[in-house]
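Trainee: Before I ask anything, let me first share the structure, which is written out below as structure tokens.
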Amino acid sequence: MGSTAGAQSIEYTRCAEGDVEPICDLLAEVFSRSDPPAVAAGVTALEFRPFVQLLLPKADGGGLTIVARLANSGEVVGALLTEDGSSSLPDGMERLSPKFGPVFDILGQLEEEHPGHAEIAYGEKLHLFLLGVSPQVAGRGVAHELVRVCLENGSQLGYRTAVTEATNKVSQHIFRKAGFSERAARSYGEYRFEGRAVFASIADEGGPMLMEKPLAS
């Protein structure tokens, strides 16, 4: 792992204690502005931040979450939250904005299509989620490198497989390039939440996918 700075001057390391607030700020901004289901549901950065705050402690605790930082300043410019796949949802999800309702619901339907995903022993499967990169380093391969380093780190820790929910074409492309395959999918165009076509505006994104990859032993 360590540094892959080179000409890009970007380092990829495990999440450290001082990274928590910068990660929350970064992911809240990136997802509220560019993640199709969050944008379609109208989730703001202020509403997204508590979601990251709930998830980050369990993702940070196992040495699985990877961050990208500028080598010269230490500024966090990318993050890939990662947890043990057997982890349960944290307390407090019910206090999040109701705008998350359709987002959580459509992602939950992926579980129903791939029920084996829920039968996971501790230390067996990585769960990758909330991959975000700052616009200031766009086009420099940061997202791809975050995924690569995350998988390498997990493999070294003994994990055998990795799983993720990819919510748009860009993230699906990134994970496919890393060797992930589709296991379950839903359609934004066909999806209804309480009778409403809440994701009709992003139908061209196809829909979210549950994707999986075996890791080298």
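The values are calculated or read from the model by the stated rules, or taken from the named source; none is laboratory data. Values in this document were obtained by computation on a predicted structure and should not be read as measured data. Quick reminder, even Gly has a Cβ in these numbers, built from the backbone with ideal geometry, and neighbours come from all protein chains shown.
Trainee: Could you grab me the full set of residues in the range 55-67 that are buried (at least 17 other Cβ atoms within 10 Å of the Cβ) and assigned to a helix (DSSP H, G or I)?
Mentor: LEU55, LEU56, LYS58, ALA59, ASP60
Trainee: Determine which member of the set GLY101, GLY154 is within 13 Å of THR82 (Cβ to Cβ) and assigned to a helix (DSSP H, G or I).
Mentor: Values: GLY101 fails: within 13 Å of THR82 (Cβ to Cβ).
The unique qualifying residue is GLY154.
Trainee: Considering only the range 198-217, state which residues are crowded, with 22+ Cβ neighbours inside 10 Å and β-branched (Val, Ile, Thr).
Mentor: Within the range 198-217, just VAL198 meets the criteria.
Trainee: Taking the conditions exactly as written (among the basic types (Lys, Arg) and in a helix (DSSP H, G or I)), does ARG183 satisfy them or not? Show your work before the answer.
Mentor: Details: among the basic types (Lys, Arg): yes; in a helix (DSSP H, G or I): no.
No.
Trainee: Of GLU190, GLU194, GLU182, which residue is among the acidic types (Asp, Glu), touching a strand residue (DSSP E or B) at 6+ places or on another chain (Cβ under 6 Å) and either more than 20 Å from GLU83 (Cβ to Cβ) or surrounded by fewer than 19 Cβ atoms within 10 Å (Cβ to Cβ) (or both)?
Mentor: Values: GLU190 fails: touching a strand residue (DSSP E or B) at 6+ places or on another chain (Cβ under 6 Å); GLU194 fails: touching a strand residue (DSSP E or B) at 6+ places or on another chain (Cβ under 6 Å).
Residue meeting the stated conditions: GLU182.
Trainee: A follow-up question, please. Can you tell me which residue within the range 125-170, out of those that are of a type in the set (Gly, Ala, Ser) and at negative phi, is surrounded by the fewest Cβ atoms within 10 Å (Cβ to Cβ)? Working first, answer last.
Mentor: Going through the range 125-170, the residues of a type in the set (Gly, Ala, Ser) turn out to be 132, 134, 138-139, 141, 143, 154-155, 158, 162, 166.
If we keep only those that are at negative phi as well, we get 132, 134, 138, 143, 154-155, 162, 166.
On the way: GLY132: 24, SER134: 18, ALA138: 11, ALA143: 23, GLY154: 24, SER155: 16, ALA162: 25, ALA166: 22.
Among those that are of a type in the set (Gly, Ala, Ser) and at negative phi, it is ALA138.
Trainee: Give the range 11-38 a look and list any residue that's in a helix (DSSP H, G or I), at pLDDT 95 or above and farther than 20 Å from LEU96 by Cβ, or say none.
Mentor: PRO22
Trainee: Among the residues of the range 150-171, write down those that are hydrophobic (A, V, I, L, M, F, W, C) and either farther than 13 Å from LEU131 by Cα or out of contact with any Ser or Thr (no Cβ under 6 Å at 6 or more places or on another chain) (or both). Even if it seems obvious, please write down each step before you answer.
Mentor: Quick first cut of the range 150-171, residues hydrophobic (A, V, I, L, M, F, W, C) only: 150-151, 157, 162-163, 166, 170.
Listed by number, the residues that qualify are LEU151, LEU157, ALA162, VAL163, ALA166, VAL170.
Trainee: If you don't mind, another one. Considering (1) crowded, with 21+ Cβ neighbours inside 10 Å; (2) closer than 23 Å to GLN156 by Cβ, say which one ASP19 fails and leave the rest.
Mentor: With respect to (1) crowded, with 21+ Cβ neighbours inside 10 Å; (2) closer than 23 Å to GLN156 by Cβ, ASP19 is out only on (1).
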